[in-house]
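Working notes, structure below.
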């Protein structure tokens, strides 16, 4: 009896560490693409949006998933929305090809937080700055409770940026067959080493030659001893002071590099993190 009691206590202690995150996200039909658990869209809006999503998926070979939550089973923190997004995507096996390329957008009404997440080659397309711009555009509609317009905003941006290819900030980065983001090449141009002694010597010789040439050129020129010597066939009626008017303008530069919810970057344009499944994702989020 004592051994049975110890076994039960042991199981109760260790079971929470073995609960897979898969049980916290619903198992879904991956062909649906829209999972409106918060009921933010009408049936007509959902059908129209799904058809548009399928068109983009077929044309650009990228998976797209939209999710809305009324209550997040993970909790109410920003990190909870981020973790839900990666687990929902990974455990339902979304994504195109071995890299599982695609994006997922989660609108969490419990904490009024949106998260845009990338996977596979999509990490190279949507860097932190692009995600920040997309998120701000969608937030404009989400704040006004225009949810259909918000998802359309995301879809239009997904289509536009995917058609443009990888972002310039990811030019030195690649995705391997497992969807891992890594630096695959060094910067194309590195500053050349400078021999300061040779530079100084060359500069000194050049200056000497220039001074010698100018001195020889103006050897016959003598300074005038009278100011009137400089005035020839001209009169001065008025003394006019002219001033150049200068204007100073200040432009506020918004920092769009903050991914607000992503992980550490590798010095490139996309911040990445690993979900509970072990797969790598990029992304960023923000409140609305």
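The values are calculated or read from the model by the stated rules, or taken from the named source; none is laboratory data. Fair warning: this is a prediction, and the values are worked out from it, not measured in the lab. With ideal geometry, Cβ positions are generated from the backbone for all residues, glycine too; neighbour counts draw on all protein chains shown.
Could you say which residue among 127, 90, 108 is touching a helix residue (DSSP H, G or I) at 6+ places or on another chain (Cβ under 9 Å) and under 15 Å from residue 174 (Cβ atoms)?
None of the others qualify; the one that does is 127.
Tally time: how many residues in the stretch 132-178 are closer than 23 Å to residue 54 by Cβ and in contact (Cβ under 8 Å) with a residue 60 or more places away in the chain?
Matching residues across the stretch 132-178 total 11.
From the residues in the stretch 96-120 that are part of a loop (DSSP other than H, G, I, E, B) and in contact (Cβ under 8 Å) with a residue 40 or more places away in the chain, which one is surrounded by the fewest Cβ atoms within 10 Å (Cβ to Cβ)?
Filtering the stretch 96-120 for residues that are part of a loop (DSSP other than H, G, I, E, B) and in contact (Cβ under 8 Å) with a residue 40 or more places away in the chain, the one surrounded by the fewest Cβ atoms within 10 Å (Cβ to Cβ) comes out as 98.
Can you go through 57, 123, 131 and tell me which one is within 24 Å of the chain's Cα centre (by Cα), surrounded by fewer than 22 Cβ atoms within 10 Å (Cβ to Cβ) and part of a helix (DSSP H, G or I)?
57
With the requirement that a residue be surrounded by fewer than 12 Cβ atoms within 10 Å (Cβ to Cβ) and either at pLDDT below 95 or outside any helix (DSSP H, G or I) (or both), what does the stretch 27-54 give you?
27, 29, 31, 39
Quick one: which residue in 83, 145, 117 is touching a helix residue (DSSP H, G or I) at 6+ places or on another chain (Cβ under 7 Å) and at pLDDT 95 or above?
117
Which members of the stretch 60-73 meet the condition of being within 21 Å of the chain's Cα centre (by Cα) and either surrounded by fewer than 20 Cβ atoms within 10 Å (Cβ to Cβ) or more than 11 Å from residue 85 (Cα to Cα) (or both)?
60, 61, 62, 63, 64
Looking only at the stretch 143-168, count every residue that is under 17 Å from the mean Cα position of the chain (by Cα) and within 15 Å of residue 45 (Cα to Cα) and tell me the total.
3
From the list 136, 187, pick out the single residue that is surrounded by fewer than 22 Cβ atoms within 10 Å (Cβ to Cβ) and either modelled with pLDDT under 95 or at positive phi (or both).
It is 187.
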